[in-house]
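**Q** Mind having a look at this structure? Questions to follow.
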Amino acid sequence: MNEGTKGLSVFETRKAIIEMLREEGVNPYPDRFERTHTLEEARSLPEGTPGVRVCGRLISLRKMGKLAFGHLQDISGKVQISVSVDSCGAEGFERFKKRIDIGDFLGVAGSMFRTRTGEITVAVNDYQLLGKSLRSLPEKWHGLQDVELCQRKRYLDLIMSEETRRRFLLRSRIVREIRSFLELHRFIEVETPVLCSQYGGANARPFITHHNTLDIDVYLRIAPETYLKRLIVGGFDRVYEFARCFRNEGSSPAHIQDFTMLEFYAAYWNYRDNLNFTRELLLTVLEKATGTTQCSFQGETIRFENPWRIVTFQDLIREHSGIDILEHPTKESLLKACNKSGIVLEDIDADRAAWATLVDSIYKKTCRPRLIQPTVLIGHPRALSPLARANDNHPEIADRFQIVVCGTEIVNAYSELVDPIDQRARLEEQARHRAAGDEEAMMLDEDYLEAMEYGMPPISGFGMGIDRFVALLAGEENIRSVVLFPLMRPEESSTNAV
RNA sequence: GGGUGGGUAGCUCAGCUGGCAGAGCAUGGGACUUUUAAUCCCAGGGCCGCGGGUUCGACCCCCGCCCCACUCACCA
């Protein structure tokens with residue numbers, strides 16, 4: 001067909017075709033195409049509809065002597081096209097066969113008809129190349145199977161996999177519905193710094209970089225919390241942010257270093273108000289984004305509409321390990337109880353770990369993996385929550401809740417600590433942990449403390465891992481499956497190219 | 001970081017006891033006016049992840065390294 005291209009690679013062959021096109025006066029990369037319908041819209045047009053102009057990527061092609069069928073694909077769907085000697089003329093058909101390849105972007109004009117096998121199809125009487133492809137697409141039947149390739153070349157995964165397209169469209173829809181629910185409830189969307197001279201709001205190690213002009217090291221935020229609370233001080237009494245956060249720590253199916261966290265803060269609410277709101281938020285978003293308030297995970301049906309079990313740390317740990325943490329108020333006593341119950345806490349530095357750290361690790365070890373249905377966990381030790389308000393009646397615990405689904409924390413929320421003097425004392429405590437070598441302990445943020453000293457109303461805040469939430473609703477076990485371009489080590493070829 | 005599995009053509013995958021590197025899709029040539037994993041005939045395409053070693057001979061065995069997935073540990 002294309003004389004003189006025998007033995008060349010696909011890439012070289014296609015480049016040769018581009019040269020031929022240019023010689024023929026055809027621009028292989030034109031600047032626009034007038035489209036009348038998306039492909040999904042075209043599919044529902046009645047037979048005989050004339051003047052249909054659609055476009056997309058040609059993803060399959062079946063050529064015969066005087067007739068060819070293929071499918072165009074766009075984000076809405078696919079539609080079959082037919083190009084023939086009858087509809088495009090002998091010359092037009094020959095040029096189609098010689099110059100158009102699978103993978104090309106193509107615009108066609110024609111009318112709708114139904115084939116013998118009943119498929120609605122565009123009978124093309126004119127076509128235009130809209131973007132020449134130089135590489136062959138992955139195998140049409142299996143698509144991209146290599147997980148590494150799917151992540152490195154997500155665009156190919158998206159071209160080849162309907163399931164992948166649906167997954168990322170779901171993510172967009174979830175974010176849209178969350179935003180719309182918050183807007184409906186008068187929350188104001190804001191953007192706070194990603195590059196910070198102080199980091200806080202969570203216990204995690206940050207990424208550090210350098211600001212050349214100011215000649216200071218700066219951190220990528222690990223959470224937006226203290227900035228959002230400064231805004232409450234400033235009078236924005238309901239704020240939220242979809243915050244890209246960065247934590248320089250290990251990766252796992254549930255952890256990625258560059259992730260998205262939704263945080264919102266509402267003045268005049270306590271954590272109970274927040275829990276009621278959160279339930280409404282999640283049920284509404286689920287219903288609107290997925291059409292149901294259930295999802296399925298590892299063969300289990302997760303029913304969000306059922307009443308969520310509310311359980312304290314103390315009761316939950318007692319239930320799963322037999323240990324009553326309040327009967328063991330010192331770490332020595334608690335460690336002894338663990339040994340007696342046969343709970344092995346490897347990698348816990350028994351000398352350095354505080355009582356609260358032990359509690360947390362007993363919970364993660366014995367309880368969290370078994371919390372499959374949505375569970376509201378309350379009664380966290382105050383020491384685990386340096387920015388949370390202590391309970392008025394039980395000052396050793398925090399007014400805080402977490403929502404755990406499928407063994408994963410989805411939501412973390414509390415009544416915020418708004419007392420600047422108490423906050424200073426707690427951050428000083430954290431600073432002592434830092435000095436003792438705990439890299440994840442929070443920094444003492446004078447600027448934040450000063451903001452608090454101007455006065456804060458009652459506040460309740462909320463944080464949710466968007467990637468985890470989406471993965472849950474998409475039935476994915478690895479959050480990388482719902483991140484378009486997860487960070488990976490660069491390939492050799494791309495490092496050499498520099 | 002530890003453990004397990006994987007890396008072979010652009011893609012999806014075979015590859016026997018260590019004995020010439022294979023198929024399908026894709027690509028090039030030919031036939032074909034209702035195909036849809038089109039079909040039929042022919043052809044081209046390989047740093048078997050990288051580097052050592054053992055061997056007459058290594059995709060295969062041994063050692064080291066790189067990348068990916070899962071898993072354990074820390075973190076959401």
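The values are calculated or read from the model by the stated rules, or taken from the named source; none is laboratory data. Quick caveat: nothing in here was measured; it's all calculated off a predicted structure. Neighbour counts are summed over all protein chains in view; Cβ atoms, including those assigned to glycine, are modelled from backbone coordinates with ideal geometry. Just the protein is used for accessible areas: all its heavy atoms, side chains included, with ligands, DNA and RNA removed. Shrake-Rupley method; radii C 1.70, N 1.55, O 1.52, S 1.80 Å.
For every residue, the table says whether it meets (1) at pLDDT 90 or above; (2) of a type outside the set (S, T, N, Q); (3) in contact with a Ser or Thr (Cβ under 8 Å, 6 or more places away or on another chain); (4) closer than 14 Å to A:Ile174 by Cα.
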{"residue": "A:Thr284", "(1), (2), (3), (4)": "yes, no, no, yes"}
{"residue": "A:Gly291", "(1), (2), (3), (4)": "yes, yes, no, yes"}
{"residue": "A:Glu300", "(1), (2), (3), (4)": "no, yes, no, no"}
{"residue": "A:Glu305", "(1), (2), (3), (4)": "yes, yes, yes, no"}
{"residue": "A:Thr312", "(1), (2), (3), (4)": "yes, no, no, no"}
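**Q** Now a separate question. Of a type in the set (Phe, Trp, Tyr) and in a loop (DSSP other than H, G, I, E, B): which single residue out of A:Phe469, A:Phe462, A:Phe485 fits that description? Let's see the steps before the verdict.
**A** Numbers: A:Phe469 fails: in a loop (DSSP other than H, G, I, E, B); A:Phe462 fails: in a loop (DSSP other than H, G, I, E, B).
It is A:Phe485.
**Q** Say we look at the range A:75-86 and pick out the residues that are open to solvent by 50 Å² or more (accessible area, probe 1.4 Å) and not in a loop (DSSP other than H, G, I, E, B); which of these is farthest from RNA strand B (Cβ to nearest atom)?
**A** We begin by selecting, within the range A:75-86, every residue open to solvent by 50 Å² or more (accessible area, probe 1.4 Å); these are A:75, A:78, A:86.
Retained after the next criterion (residues that are not in a loop (DSSP other than H, G, I, E, B)): A:78, A:86.
Working: A:Lys78: 9, A:Asp86: 5 Å.
Ranking the qualifying residues of the range A:75-86, first place goes to A:Lys78.
**Q** Let me ask another. Please go through the range A:354-413 and pick out each residue that is of a type in the set (Ser, Thr, Tyr) and in contact (Cβ under 8 Å) with a residue 40 or more places away in the chain.
**A** A:Tyr363, A:Thr366, A:Thr375, A:Thr408
**Q** Picking from A:Ile256, A:Ile317, which residue would you name as being open to solvent by less than 40 Å² (accessible area, probe 1.4 Å), out of contact with any Gly (no Cβ under 7 Å at 6 or more places or on another chain) and not assigned by TED's automatic domain parsing to the domain that holds A:Glu183? Full working, then the answer.
**A** Numbers: A:Ile256 fails: not assigned by TED's automatic domain parsing to the domain that holds A:Glu183.
Answer to the check: A:Ile317.
**Q** Separate question: Say whether the condition of being β-branched (Val, Ile, Thr), in a helix (DSSP H, G or I) and assigned by TED's automatic domain parsing to the domain that holds A:Glu416 is met by at least one residue in the range A:217-232. Spell out the reasoning first.
**A** Step one: filter the range A:217-232 for residues β-branched (Val, Ile, Thr), giving A:218, A:222, A:226, A:232.
From what's left, in a helix (DSSP H, G or I): A:226, A:232.
From what is left, the residues that are assigned by TED's automatic domain parsing to the domain that holds A:Glu416 are A:226, A:232.
Within the range A:217-232 (the criterion being β-branched (Val, Ile, Thr), in a helix (DSSP H, G or I) and assigned by TED's automatic domain parsing to the domain that holds A:Glu416), the answer is yes, since at least one residue qualifies.
**Q** Among (1) under 19 Å from A:Ser361 (Cα atoms); (2) open to solvent by less than 20 Å² (accessible area, probe 1.4 Å), there is one condition A:Gln423 misses while meeting the rest; what is its number?
**A** Status for A:Gln423: all satisfied but (1).
**Q** Any residue at all in the range A:402-416 that is under 31 Å from the mean Cα position of the chain (by Cα) and away from RNA strand B (no atom under 14 Å from the Cβ)? Talk me through it step by step, then tell me what you get.
**A** Initial filter on the range A:402-416 (under 31 Å from the mean Cα position of the chain (by Cα)): A:402-416.
Restricting the remaining residues to those that are away from RNA strand B (no atom under 14 Å from the Cβ) gives A:415-416.
Yes, the range A:402-416 contains a residue that is under 31 Å from the mean Cα position of the chain (by Cα) and away from RNA strand B (no atom under 14 Å from the Cβ).
**Q** Can you list the strands (runs of 3 or more DSSP E) lying wholly within the range A:313-416 that have 1 or more residues being aromatic (Phe, Trp, Tyr)? Please lay out each step first, then the result.
**A** Numbers: elements: A:375-378, A:400-405, A:408-415.
Output list reads A:400-405, A:408-415.
**Q** Away from RNA strand B (no atom under 16 Å from the Cβ), in a helix (DSSP H, G or I) and open to solvent by less than 30 Å² (accessible area, probe 1.4 Å): is that true of A:Leu170 in this structure?
**A** yes
**Q** With surrounded by 11 or more Cβ atoms within 10 Å (Cβ to Cβ), touching a helix residue (DSSP H, G or I) at 6+ places or on another chain (Cβ under 6 Å) and at pLDDT below 95 as the only criterion, which of A:Thr5, A:Thr13 stands out?
**A** On the way: A:Thr13 fails: touching a helix residue (DSSP H, G or I) at 6+ places or on another chain (Cβ under 6 Å).
None of the other options fit; the residue is A:Thr5.
Yes/no per residue for (1) more than 24 Å from A:Val285 (Cα to Cα); (2) of a type in the set (A, V, I, L, M, F, W, C); (3) open to solvent by less than 70 Å² (accessible area, probe 1.4 Å):
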site: A:Glu191; (1), (2), (3): no, no, no
site: A:Gln198; (1), (2), (3): yes, no, yes
site: A:His211; (1), (2), (3): yes, no, yes
site: A:Leu214; (1), (2), (3): yes, yes, no
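**Q** On to the next question. Those residues that are in a strand (DSSP E or B), within 8 Å of RNA strand B (Cβ to nearest atom) and surrounded by 17 or more Cβ atoms within 10 Å (Cβ to Cβ), I need them from the range A:87-122; list them, please.
**A** A:Thr121
**Q** Quick check, is A:Leu275 away from RNA strand B (no atom under 16 Å from the Cβ), assigned to a helix (DSSP H, G or I) and either within 27 Å of A:Arg389 (Cβ to Cβ) or in contact with a Phe, Trp or Tyr (Cβ under 6 Å, 6 or more places away or on another chain) (or both)?
**A** Numbers: away from RNA strand B (no atom under 16 Å from the Cβ): yes; assigned to a helix (DSSP H, G or I): yes; either within 27 Å of A:Arg389 (Cβ to Cβ) or in contact with a Phe, Trp or Tyr (Cβ under 6 Å, 6 or more places away or on another chain) (or both): yes.
Considered against the rule, which asks whether it is away from RNA strand B (no atom under 16 Å from the Cβ), assigned to a helix (DSSP H, G or I) and either within 27 Å of A:Arg389 (Cβ to Cβ) or in contact with a Phe, Trp or Tyr (Cβ under 6 Å, 6 or more places away or on another chain) (or both), A:Leu275 comes out as yes.
**Q** Which of (1) part of a loop (DSSP other than H, G, I, E, B); (2) free of Cβ contacts under 8 Å to residues at least 40 places away in the same chain does A:Leu149 not meet, given it meets every other one?
**A** All conditions are met except number (1).
**Q** I'm trying to understand the selection: among the residues of the range A:355-383, which are of a type in the set (A, V, I, L, M, F, W, C), open to solvent by 40 Å² or more (accessible area, probe 1.4 Å) and out of contact with any Ser or Thr (no Cβ under 7 Å at 6 or more places or on another chain)? Lay out the reasoning, then the answer.
**A** Narrowing the range A:355-383 to residues of a type in the set (A, V, I, L, M, F, W, C): A:355-356, A:358-359, A:362, A:367, A:371-372, A:376-378, A:383.
From the residues that got through so far, the ones that are open to solvent by 40 Å² or more (accessible area, probe 1.4 Å) too are A:355, A:372, A:383.
Listed by number, the residues that qualify are A:Ile372, A:Ala383.
**Q** Right, next: Would it be correct to say that A:Lys331 is in contact with a helix residue (DSSP H, G or I) (Cβ under 6 Å, 6 or more places away or on another chain), among the basic types (Lys, Arg) and open to solvent by 30 Å² or more (accessible area, probe 1.4 Å)?
**A** So A:Lys331 fits the description; yes.
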